[in-house]
Amino acid sequence: MLVQLIRDQIDGKPVQSRLVSALLLGTNVAVPAGKDVGGAFTSVPLCRSASQIGCVISYVTFRSNIPPPADSRFGRVPAAGQVAACTNPAALGGGTGPLHAYLSSRGSIISSAAEPRPWVKPPAPIATPYVSVPGLLTAQCVSNEKGSYLEVTVNGNPADPRTDEISGDVMANGQVNASWGLHLIDVNVAMGNLVDIVSKQAKAFTAGGTRR
């Protein structure tokens, strides 16, 4: 719905000058392979820095050890020569970066999600609704024969008491449904990064920043 809204009401129209940024997360936004504009939109580009405005942040997440399968719902688009957009909120300019995640302290409230794991060993109660896990998650954009997606790596350390894994997979009959990737936590895994980026974009917008 948001892609259609931008395409029909904003893209290429005078109101586009008022667009700070669009966060189209967990959906397949088409762009020509190797390019930042075209496909879903004719003139709204992908964001490649936090000082860029009038652009789109979009990605779909998969674990580094569970890439998109052949029947994946995400990471691919039907048009020839186009790919699903991937802008890494941990490193908009490219490469790998740390994700500043805010994850539910009680696990996902969606019934199809995997059971939550203890955050520390031995398990201890957590009073806040969300937890932050500095250094645990990193991400990079990957584009290959399996798709174009944000690859999330969990950097667990068995030597410390903190969890070495996160929840977020869709489960079916007790097994991970890999076709969904980490769709249930697309936003959560990068919430801190996104808040920081939008804050900088808002300042750039009020200062008349660049749109390309």
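Structural remarks
- Every residue from the range 27-62 that is farther than 18 Å from Gly147 by Cα, part of a strand (DSSP E or B) and touching a Ser or Thr at 6+ places or on another chain (Cβ under 6 Å): Cys55
- The single residue among Leu5, Leu24 that is at pLDDT 95 or above and either within 21 Å of Phe62 (Cα to Cα) or assigned to a loop (DSSP other than H, G, I, E, B) (or both) turns out to be Leu24.
- Qualifying residue in the range 134-151 (condition: surrounded by 13 or more Cβ atoms within 10 Å (Cβ to Cβ), of a type in the set (Val, Ile, Thr), in contact with a strand residue (DSSP E or B) (Cβ under 6 Å, 6 or more places away or on another chain) and touching a residue at least 12 places away in the same chain (Cβ under 8 Å)): yes
- Selection from the range 155-204 of residues that are crowded, with 17+ Cβ neighbours inside 10 Å, more than 22 Å from Thr27 (Cα to Cα) and among the hydrophobic types (A, V, I, L, M, F, W, C): Ala204
- Residue that is nearest to Glu165 (Cα to Cα) [pool: residues in the range 110-122 that are part of a loop (DSSP other than H, G, I, E, B) and at pLDDT 90 or above]: Trp119
- Restricted to strands (runs of 3 or more DSSP E) entirely inside the range 124-212, those with at least 1 residues that are of a type in the set (Asp, Glu) and under 18 Å from Thr96 (Cβ atoms) are 147-154.
- Considering (1) out of contact with any helix residue (DSSP H, G or I) (no Cβ under 7 Å at 6 or more places or on another chain); (2) surrounded by 23 or more Cβ atoms within 10 Å (Cβ to Cβ), the lone condition that Val29 does not fulfil carries the number (1).
- Per the conditions (1) surrounded by fewer than 20 Cβ atoms within 10 Å (Cβ to Cβ); (2) β-branched (Val, Ile, Thr); (3) in contact (Cβ under 8 Å) with a residue 24 or more places away in the chain, the sole criterion not satisfied by Val60 is (1).
- Test: residue in the range 98-105 that is closer than 15 Å to Ala190 by Cβ, modelled with pLDDT of 95 or more, surrounded by 23 or more Cβ atoms within 10 Å (Cβ to Cβ) and not β-branched (Val, Ile, Thr): yes
- Filtered residues of the range 5-37 (kept if more than 24 Å from Met191 (Cα to Cα) and without any contact (Cβ under 8 Å) to a residue 12 or more places away in the chain): Asp8, Gln9, Lys13, Pro14, Val15, Gly34, Lys35, Val37
This table checks each residue for (1) of a type in the set (Val, Ile, Thr); (2) over 24 Å from Thr206 (Cβ atoms).
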site: Val15; (1), (2): yes, no
site: Leu24; (1), (2): no, no
site: Thr27; (1), (2): yes, yes
site: Ala33; (1), (2): no, yes
site: Ala50; (1), (2): no, no
site: Ile57; (1), (2): yes, no
site: Ser64; (1), (2): no, yes
site: Pro67; (1), (2): no, yes
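The values are calculated or read from the model by the stated rules, or taken from the named source; none is laboratory data. None of the values given here were measured: they were computed from a predicted structure. Cβ: placed from backbone, ideal geometry, glycine included. Neighbour counts: every protein chain shown.
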